[in-house]
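A short write-up of the structure that comes next.
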Amino acid sequence: MTTPEIKLPKHVGLIMDGNGRWAKLRHMPRSFGHNAGMNRMIGLAEHAQKLGIKYLTVYALSTENLSSRPQEELDGLFTLFRKYFKSNVKKLVSKGARVKIIGDLTALPEDVAKLLEDSEKACPDTAGFTLVFAINYGTRSEILRACNLAVERGEKLDSEGFEKLLYTHGLPDPDLIIRTGGELRLSNFLTYQAAYAELYFSDVLFPDFTDGEFDKAIEEFSRRERRFGNV
(Lines give C-alpha, C1' and ligand atoms only; values in the text may rest on other atoms or scores of the structure.)
Protein backbone atom coordinates (compact mmCIF):
# COMPACT_ATOMS: atom_id res chain seq x y z
CA MET A 1 0.00 0.00 0.00
CA THR A 2 3.00 2.34 0.14
CA THR A 3 3.92 2.03 -3.55
CA PRO A 4 3.56 5.25 -5.60
CA GLU A 5 1.17 3.52 -8.03
CA ILE A 6 -1.62 3.42 -5.45
CA LYS A 7 -4.06 6.30 -5.93
CA LEU A 8 -5.70 7.04 -2.60
CA PRO A 9 -9.25 8.37 -2.28
CA LYS A 10 -9.44 11.53 -0.21
CA HIS A 11 -12.79 10.59 1.33
CA VAL A 12 -14.11 7.07 1.91
CA GLY A 13 -17.66 6.26 2.99
CA LEU A 14 -18.18 2.97 4.82
CA ILE A 15 -21.48 1.10 5.22
CA MET A 16 -20.70 -1.31 8.05
CA ASP A 17 -23.16 -4.10 7.33
CA GLY A 18 -23.28 -7.62 8.76
CA ASN A 19 -22.77 -7.21 12.51
CA GLY A 20 -26.05 -8.95 13.38
CA ARG A 21 -25.52 -11.83 10.95
CA TRP A 22 -21.95 -12.25 12.20
CA ALA A 23 -23.29 -12.64 15.75
CA LYS A 24 -26.05 -15.01 14.65
CA LEU A 25 -23.52 -17.33 13.01
CA ARG A 26 -21.87 -17.57 16.44
CA HIS A 27 -25.20 -18.14 18.25
CA MET A 28 -24.76 -14.84 20.04
CA PRO A 29 -27.09 -11.83 20.46
CA ARG A 30 -26.92 -8.99 17.94
CA SER A 31 -25.34 -6.77 20.60
CA PHE A 32 -22.30 -9.07 20.50
CA GLY A 33 -21.94 -8.31 16.80
CA HIS A 34 -22.33 -4.56 17.30
CA ASN A 35 -19.61 -4.61 19.95
CA ALA A 36 -17.27 -6.46 17.57
CA GLY A 37 -18.21 -4.04 14.81
CA MET A 38 -17.35 -0.99 16.89
CA ASN A 39 -13.93 -2.40 17.71
CA ARG A 40 -13.33 -3.16 14.03
CA MET A 41 -14.46 0.32 13.02
CA ILE A 42 -11.93 1.99 15.31
CA GLY A 43 -9.21 -0.30 13.97
CA LEU A 44 -10.13 0.56 10.38
CA ALA A 45 -10.16 4.27 11.17
CA GLU A 46 -6.61 4.03 12.53
CA HIS A 47 -5.58 2.06 9.45
CA ALA A 48 -7.17 4.58 7.07
CA GLN A 49 -5.36 7.40 8.82
CA LYS A 50 -2.02 5.61 8.46
CA LEU A 51 -2.65 5.08 4.74
CA GLY A 52 -3.10 8.81 4.25
CA ILE A 53 -6.87 8.95 3.69
CA LYS A 54 -8.17 12.32 4.89
CA TYR A 55 -11.84 11.56 5.61
CA LEU A 56 -13.66 8.38 6.61
CA THR A 57 -17.44 8.52 7.06
CA VAL A 58 -18.98 5.51 8.80
CA TYR A 59 -22.70 4.71 8.71
CA ALA A 60 -23.25 4.07 12.41
CA LEU A 61 -27.05 4.39 12.61
CA SER A 62 -29.52 5.19 9.84
CA THR A 63 -32.85 6.96 10.22
CA GLU A 64 -34.48 3.67 9.20
CA ASN A 65 -32.52 1.76 11.86
CA LEU A 66 -33.77 4.12 14.52
CA SER A 67 -37.41 3.77 13.51
CA SER A 68 -37.52 0.03 12.76
CA ARG A 69 -35.02 -1.86 14.93
CA PRO A 70 -36.21 -3.48 18.17
CA GLN A 71 -35.81 -1.18 21.16
CA GLU A 72 -33.61 -3.77 22.88
CA GLU A 73 -31.13 -3.61 20.01
CA LEU A 74 -31.17 0.19 19.96
CA ASP A 75 -30.61 0.30 23.71
CA GLY A 76 -27.60 -1.95 23.22
CA LEU A 77 -26.20 0.41 20.58
CA PHE A 78 -26.70 3.42 22.85
CA THR A 79 -24.94 1.55 25.66
CA LEU A 80 -21.98 0.99 23.33
CA PHE A 81 -21.83 4.70 22.59
CA ARG A 82 -21.90 5.49 26.31
CA LYS A 83 -19.23 2.93 27.09
CA TYR A 84 -16.74 3.36 24.28
CA PHE A 85 -17.30 6.56 22.31
CA LYS A 86 -15.54 9.12 24.50
CA SER A 87 -12.47 6.98 25.17
CA ASN A 88 -12.08 6.04 21.51
CA VAL A 89 -12.43 9.66 20.43
CA LYS A 90 -9.68 10.63 22.87
CA LYS A 91 -7.51 7.88 21.43
CA LEU A 92 -8.04 9.11 17.88
CA VAL A 93 -7.48 12.77 18.80
CA SER A 94 -4.20 11.85 20.49
CA LYS A 95 -3.11 10.49 17.10
CA GLY A 96 -3.92 13.68 15.23
CA ALA A 97 -7.54 13.01 14.21
CA ARG A 98 -10.81 14.80 14.76
CA VAL A 99 -14.40 13.59 14.91
CA LYS A 100 -17.47 15.04 13.20
CA ILE A 101 -21.10 13.97 13.65
CA ILE A 102 -23.72 14.18 10.88
CA GLY A 103 -27.40 13.38 11.36
CA ASP A 104 -30.33 14.35 13.56
CA LEU A 105 -29.30 13.84 17.16
CA THR A 106 -32.55 15.20 18.60
CA ALA A 107 -34.20 11.76 18.39
CA LEU A 108 -31.47 10.08 20.45
CA PRO A 109 -31.47 9.72 24.24
CA GLU A 110 -30.47 13.10 25.67
CA ASP A 111 -27.30 11.85 27.34
CA VAL A 112 -26.13 10.09 24.17
CA ALA A 113 -26.74 13.19 22.04
CA LYS A 114 -24.79 15.33 24.52
CA LEU A 115 -21.95 12.79 24.59
CA LEU A 116 -21.68 12.93 20.79
CA GLU A 117 -21.90 16.72 20.64
CA ASP A 118 -19.35 17.21 23.42
CA SER A 119 -16.93 14.77 21.81
CA GLU A 120 -17.12 16.68 18.53
CA LYS A 121 -16.60 20.03 20.24
CA ALA A 122 -13.55 18.70 22.11
CA CYS A 123 -11.72 17.97 18.85
CA PRO A 124 -9.36 20.43 17.17
CA ASP A 125 -10.81 22.39 14.24
CA THR A 126 -8.05 21.22 11.96
CA ALA A 127 -6.54 17.75 11.74
CA GLY A 128 -4.95 15.58 9.12
CA PHE A 129 -7.68 12.97 9.42
CA THR A 130 -11.41 13.30 10.10
CA LEU A 131 -13.63 10.42 11.21
CA VAL A 132 -17.26 11.26 10.45
CA PHE A 133 -20.03 9.37 12.26
CA ALA A 134 -23.38 9.28 10.43
CA ILE A 135 -25.83 8.76 13.30
CA ASN A 136 -29.60 8.88 12.76
CA TYR A 137 -28.62 9.92 9.26
CA GLY A 138 -30.35 9.42 5.92
CA THR A 139 -30.01 11.41 2.71
CA ARG A 140 -33.77 11.77 2.25
CA SER A 141 -34.25 13.36 5.67
CA GLU A 142 -31.11 15.45 5.14
CA ILE A 143 -32.51 16.87 1.88
CA LEU A 144 -35.94 17.53 3.40
CA ARG A 145 -34.26 19.33 6.28
CA ALA A 146 -32.25 21.50 3.88
CA CYS A 147 -35.35 22.34 1.82
CA ASN A 148 -37.34 23.28 4.93
CA LEU A 149 -34.51 25.51 6.14
CA ALA A 150 -34.46 27.27 2.77
CA VAL A 151 -38.25 27.77 2.84
CA GLU A 152 -38.09 29.17 6.38
CA ARG A 153 -35.43 31.64 5.27
CA GLY A 154 -37.22 32.54 2.05
CA GLU A 155 -34.18 31.48 0.03
CA LYS A 156 -34.06 30.34 -3.58
CA LEU A 157 -31.12 27.99 -3.78
CA ASP A 158 -28.50 27.11 -6.32
CA SER A 159 -26.41 23.95 -5.82
CA GLU A 160 -23.79 25.78 -3.75
CA GLY A 161 -26.38 27.30 -1.43
CA PHE A 162 -28.20 23.98 -1.10
CA GLU A 163 -25.03 22.10 -0.16
CA LYS A 164 -24.33 24.63 2.59
CA LEU A 165 -27.55 23.46 4.28
CA LEU A 166 -26.58 19.78 4.28
CA TYR A 167 -25.08 18.00 7.30
CA THR A 168 -21.99 17.36 5.18
CA HIS A 169 -21.23 21.04 4.55
CA GLY A 170 -17.48 21.50 4.76
CA LEU A 171 -16.71 17.90 3.81
CA PRO A 172 -15.56 16.84 0.34
CA ASP A 173 -17.82 14.46 -1.54
CA PRO A 174 -16.84 10.80 -1.07
CA ASP A 175 -14.54 9.36 -3.72
CA LEU A 176 -15.21 5.76 -2.71
CA ILE A 177 -18.07 4.09 -0.85
CA ILE A 178 -17.51 0.60 0.55
CA ARG A 179 -20.31 -1.66 1.71
CA THR A 180 -19.61 -4.88 3.56
CA GLY A 181 -21.96 -7.81 4.17
CA GLY A 182 -22.94 -8.72 0.62
CA GLU A 183 -25.81 -6.30 -0.01
CA LEU A 184 -25.65 -4.23 -3.21
CA ARG A 185 -27.24 -0.90 -2.34
CA LEU A 186 -26.46 2.42 -0.64
CA SER A 187 -29.41 2.34 1.78
CA ASN A 188 -29.92 6.12 1.94
CA PHE A 189 -26.23 6.79 2.72
CA LEU A 190 -24.71 9.94 1.17
CA THR A 191 -26.69 9.39 -2.02
CA TYR A 192 -26.65 13.07 -3.00
CA GLN A 193 -22.95 13.40 -2.21
CA ALA A 194 -22.09 10.10 -3.93
CA ALA A 195 -23.13 11.21 -7.42
CA TYR A 196 -19.65 10.42 -8.77
CA ALA A 197 -18.32 8.13 -6.06
CA GLU A 198 -16.86 4.76 -6.95
CA LEU A 199 -18.74 1.88 -5.32
CA TYR A 200 -17.16 -1.25 -3.85
CA PHE A 201 -19.17 -4.15 -2.41
CA SER A 202 -17.71 -6.92 -0.26
CA ASP A 203 -19.35 -10.17 0.86
CA VAL A 204 -17.33 -10.07 4.10
CA LEU A 205 -19.40 -9.38 7.23
CA PHE A 206 -18.16 -6.21 8.86
CA PRO A 207 -16.49 -7.62 12.02
CA ASP A 208 -14.34 -9.77 9.68
CA PHE A 209 -13.54 -6.88 7.32
CA THR A 210 -9.81 -6.70 8.01
CA ASP A 211 -7.32 -3.98 7.15
CA GLY A 212 -6.30 -6.23 4.25
CA GLU A 213 -9.88 -6.30 2.94
CA PHE A 214 -9.97 -2.51 3.17
CA ASP A 215 -6.72 -2.38 1.20
CA LYS A 216 -8.32 -4.48 -1.56
CA ALA A 217 -11.02 -1.83 -1.93
CA ILE A 218 -8.41 0.94 -2.11
CA GLU A 219 -6.42 -0.98 -4.71
CA GLU A 220 -9.58 -1.52 -6.80
CA PHE A 221 -10.35 2.19 -6.56
CA SER A 222 -6.82 2.99 -7.73
CA ARG A 223 -7.32 0.92 -10.89
CA ARG A 224 -10.53 2.68 -11.94
CA GLU A 225 -10.63 5.63 -14.32
CA ARG A 226 -12.81 8.43 -13.04
CA ARG A 227 -14.16 10.70 -15.82
CA PHE A 228 -16.87 12.72 -14.00
CA GLY A 229 -19.00 12.82 -17.16
CA ASN A 230 -16.12 13.63 -19.50
CA VAL A 231 -15.03 11.53 -22.47
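Details
- In Å², nearest 10: area of Tyr200 left accessible to a 1.4 Å probe: 40 Å²
- Carbon and sulfur %, accessible surface of the range 10-64 computed with the full protein complex present, 1.4 Å: 56 percent
- Probe 1.4 Å - accessible area at Glu155, Å² to nearest ten: 80 Å²
- Remark: the range 100-152 projects, on average over all directions, an area of 4.6 nm² (convex hull of Cα atoms).
- Restricting the calculation to Cα atoms, every distinct pair contributes to the Kirkwood radius of the range 45-168, found to be 15.8 Å.
- Across all Cα pairs in the range 22-103, the calculated P(r) in 5 Å bins from zero up to the longest distance comes to 3, 12, 21, 25, 18, 12, 7, 1 percent per bin.
- Kirkwood Rh and Cα Rg combined as Rg over Rh, evaluated for the range 117-231: 1.00
- Extended-chain gain in nm, criterion 0.36 nm per residue less alpha-carbon gap, Lys114 and Leu149: 10.3 nm
- Relative compactness, the range 1-50, computed as alpha-carbon Rg over 2.2 N^0.38 Å: 1.49
- Here's the list of lysines a cross-link from Lys10 could span, going by alpha-carbon distance under 19 Å and ignoring same-chain residues fewer than 8 apart: Lys50, Lys54, Lys95, Lys100, Lys216.
- Of the three principal axes defined by the Cα atoms of the chain, the extents in descending order read 53, 47, 35 Å.
- Largest first, the residues Met28, Met41 sort by 1.4 Å accessible area into Met28, Met41.
- Net length available on complete extension from Asp215 to Asn39 is 61.6 nm, with 0.36 nm assigned per residue and the Cα-Cα distance removed.
- Accessible area expressed per residue, the chain, with surrounding protein chains retained (probe 1.4 Å, Å²): 52 Å²
- Residue-span extension gain [Glu183 to Thr126] - 0.36 nm each, minus C-alpha spacing: 17.0 nm
- Under 19 Å from Lys156, Cα to Cα: lysines that are on another chain or at least 8 residues apart: Lys164
- Solvent-accessible area, 1.4 Å probe, carbon plus sulfur percent, for the range 74-231: 48 percent
- The Met28 and Ser67 beta-carbon pair, evaluated with R₀ = 30 Å, returns a calculated FRET efficiency of approximately 0.75.
- Spin-label zone in the range 53-75 - amide nitrogen under 16 Å from a point set 7 Å from the Cα of Phe228 along the C-beta vector: none
- Cα centroid of the range 42-87 to Cα centroid of the range 118-180, whole Å: 17 Å
The values are calculated or read from the model by the stated rules, or taken from the named source; none is laboratory data. What you see is a predicted model, and the numbers here were worked out from it, not measured in a lab. As a convention, Cβ positions derive from the backbone with ideal geometry for all residues, glycine included, and neighbour counts pool all protein chains shown. Remember, those area values only see protein heavy atoms, side chains included, never the ligands or the DNA or RNA. Shrake-Rupley method; radii C 1.70, N 1.55, O 1.52, S 1.80 Å.
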